[in-house]
Amino acid sequence: MERIYIGMGSNLADPAEQLRSAVAALAQLPQTELVGVSGFYQSDSLLPGQPRYTNAVAALDSSLAPLDLLDALQAIENGQGRERLERWGPRTLDLDIVLFGDRLIDEPRLKVPHYHLQERAFVLYPLAELAPADLRLADGRTLAELLAACPFVGLERLPPN
């Protein structure tokens, strides 16, 4: 079993409910245990004119292979109405493997650590709720270093519901 962190985001079709449904689906994955879920955050879209996103991070312990997990995550996205019409476009659900144990993964379909992790406050701050600050990524960076370089700007932590 490896500890895996999944970034979750939605800005269509009741985003908070989309994330809650995704968490329920993650809990049902084979060879996988849902360990925790961060609070929910709202953030501005990367592209102008889109609705704000609701984001969170889930922690899993899993023995699934990385690409098998990716396939399962994409099946969850598709099951919740995900359409891949434009890069960074609006979406009902986005599930990204942010960290996969201490692995560096460089496959055509999967890059881990997630390639924009250091720039994504909407991933780093929820991740910090679940992972220790001294968490060291496979590339040598620590979560504390990433947080220090990425201010809590454009984020709003939503009250629990």
Check whether at least one residue in region 32-44 is in contact (Cβ under 8 Å) with a residue 12 or more places away in the chain, farther than 24 Å from GLN118 by Cα, of a type in the set (Asp, Glu) and not in a loop (DSSP other than H, G, I, E, B), and report yes or no. yes
If THR92 satisfies all but one of (1) out of contact with any Gly (no Cβ under 6 Å at 6 or more places or on another chain); (2) modelled with pLDDT under 95; (3) in a loop (DSSP other than H, G, I, E, B), what's the number of the condition it fails? (1)
Look through LEU60, LEU124, LEU67 and report the one residue that is free of Cβ contacts under 8 Å to residues at least 60 places away in the same chain and assigned to a strand (DSSP E or B). LEU60
Please verify whether region 138-153 includes one or more residues that are touching a residue at least 40 places away in the same chain (Cβ under 8 Å), surrounded by fewer than 19 Cβ atoms within 10 Å (Cβ to Cβ) and over 24 Å from GLY49 (Cβ atoms). no
Here is a list: LEU124, LEU135. Which entry is among the aliphatic types (A, V, I, L, M), within 11 Å of the chain's Cα centre (by Cα) and within 28 Å of PRO159 (Cβ to Cβ)? LEU124
Quick check: is even one residue across region 118-129 farther than 15 Å from ILE97 by Cβ and hydroxyl-bearing (Ser, Thr, Tyr)? yes
The one condition ILE97 fails out of (1) modelled with pLDDT under 95; (2) assigned to a strand (DSSP E or B) is (1)
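The values are calculated or read from the model by the stated rules, or taken from the named source; none is laboratory data. Not measured: the values here are computed from a predicted model. Glycine also receives a Cβ, built like all others from the backbone with ideal geometry; neighbour counts cover every protein chain displayed.
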